[in-house]
Amino acid sequence: MTTTEKPNMIEFRDVHKYYGDYHALRGINATIKAGEFFSLLGPSGCGKTTLLRTIAGFEDISSGAVLIDDKKMDDVPANKRPTNMVFQSYAIFPHLTVEENVGFGLRRDPRSKDEKAKAVAEALEMVGLKGYGKRAAHALSGGQRQRVALARALILKPKVLLLDEPLSALDKKIREQMQVELIKLQREVGITFVLVTHDQEEALVMSDRIAVMFEGQIAQLADPETLYRRPNSRKVANFIGTMNFLPAEVLSEGAGGIEVEAQGFGRMTLSTDQVMAGEAGQGAVVGFRPETLTILYDSQTATDREVMGTIEEVVYFGDMTYYDVKLDGTTEALRISMRNVFGRPVLEIATRARVAWSPGALVMFR
Ligand code: ATP
């Protein structure tokens, strides 16, 4: 099933939220599909946690509606909703064992002791903590505690699992490992996951679709590749990864595309789907991601277009090198990222370079 064919799990209908005079959510309209891994991404204070909490029922909305499984949630209290939340601060009980923590949510469950123990064991196996049941929770690492919190949420078999920056307290290596494990887990259990994160890489890696939020509104809602390749505004482009911009001008528009002149690149034809609305007063620009340009070595030739430039800065990362290159005819250096190849030297500052580019990789904001 493709995403569009899946039934809706969560629907926001013109959701507004005021804290006193402060307008925290400003007309949210979106649907999250059943079984989807969905992320709310945005800078601090954009309203993503507030929006997540309206799903859980921890936050009343000022107007509009939140529906789960096609039912309006207006009068449904948090503990009656088919949702469960995993927090950044793991919120586990340090004085209990791992299995006591995981079984906590089942304390009023009518099942027999043996059945509950089986459910706990299954949940622990799901999160990769098989055999850890008797351990004291306080003796676990950060990553293990987060798994306990996950197991405790999953054992209740919610339709929707809400994750509020669940990995942000972990260090980089463990966070990356947990990202992959969370994706696998989500595919396995098939539950709808809604993740809040301010980390754009995390959102790109994990999500089927992402809602990018600024100032209480969704700026763009799309799959990771579309967000990255076709951001609908400069703001989204800058928030997701790095984008270089060059001043540009529309020369003519016709059925065959849009004729554009851009600083450094010269004339080109862009298709209409490459052209997005710009912001008022900013002037038209073309934008490109750092990896879409390539510095050519001696015998290499460009498959499409070629332009000369001068390398002004070199930042070596081991697997990658970032070059800041001033293309001839431009005023500012642009970031180009190159994968390092064994046996090929990293280029030095002040080197003249031939740069390959392609109009197809550009987007225009006008
Ligand atoms: P962060 O990543 O920093 O948590 P966020 O995008 O999740 O940011 P929210 O926590 O949703 O942002 O907050 C959105 C805005 O609403 C912020 O400006 C915040 O200060 C404000 N806000 C949140 N909760 C309350 C509250 N209980 N009372 C008043 N203002 C609040």
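Rule-based calculations on the coordinates, nothing more; no lab input. This is a predicted model, so every value here is computed, not measured. Ideal geometry is used to build each Cβ from the backbone, glycine not excepted, and the neighbour counts take in all protein chains shown.
What shape does the stretch 124-206 have by the C-alpha gyration tensor, where a ≥ b ≥ c are the square roots of the eigenvalues, rounded means a/c under 1.5, and otherwise prolate means a/b greater than b/c and oblate the rest? Oblate is the answer for the stretch 124-206, as a/c is 1.5 or above yet b/c matches or exceeds a/b. Taking every C-alpha pair closer than 8 Å and separated by at least 6 residues, the mean separation divided by the residue count of the stretch 227-297 gives a relative contact order of 33 percent.
Exposure proxy for 95, 198: other Cβ atoms within 10 Å of each Cβ, ordered fewest to most, give 95, 198. Take the Cα of residue 91, go 7 Å toward its beta carbon, and the backbone nitrogen atoms of the stretch 156-177 under 13 Å from that spot belong to 161-166. Pairs of Cα atoms nearer than 8 Å and 6+ residues apart set the relative contact order; for the chain it is 15 percent. Note on the stretch 44-105: the C-alpha convex hull projects to 5.7 nm² when averaged across all orientations. For the chain, the longest principal axis of the C-alpha atoms and the axis of helix 142-154 are separated by about 60°. Counted by neighbouring Cβ atoms within 10 Å, the residues 358, 141 run from fewest to most as 141, 358. Return the calculated 222 nm mean residue ellipticity for the chain, to the nearest 500 deg cm²/dmol, obtained by summing -39500 (n - 2.57) across DSSP H runs with n ≥ 4 and dividing by the residue count. Computed mean residue ellipticity for the chain: -6500 deg cm²/dmol.
Projecting label points 7 angstrom from Cα along Cα→Cβ for residue 342 and residue 18 puts them 6.5 nm apart. Going by the alpha-carbon gyration tensor, a ≥ b ≥ c the square roots of its eigenvalues, is the stretch 289-361 rounded (a/c under 1.5) or, if a/c is not under 1.5, prolate (a/b greater than b/c) versus oblate? Judged from the Cα gyration tensor, the stretch 289-361 comes out rounded (a/c under 1.5). Using only the alpha-carbon atoms, how far is helix 113-126 inclined from the longest principal axis of the chain? Give it as 0 to 90 degrees, nearest 10. The angle comes out at about 10 degrees. Here the label points at residue 300 and residue 354, each 7 Å from Cα along the C-beta direction, are separated by 1.1 nm in the simple model. All Cα-Cα separations within the chain were binned at 10 Å from zero, giving a P(r) of 5, 20, 25, 22, 16, 9, 3, 0, each value a whole percent of the pairs. By other beta-carbon atoms within 10 Å, ranking 36, 348, 253 with the fewest at the front produces 348, 253, 36.
Which net charge results when you count Lys and Arg as +1 and Asp and Glu as -1 among the other residues whose beta-carbon is under 11 Å from that of residue 28? Charge balance in the 11 Å sphere: +2. With an a/c value of 1.5 or above and a/b not larger than b/c for the gyration tensor axes a ≥ b ≥ c computed over the alpha-carbon atoms, the stretch 324-366 is described as oblate.
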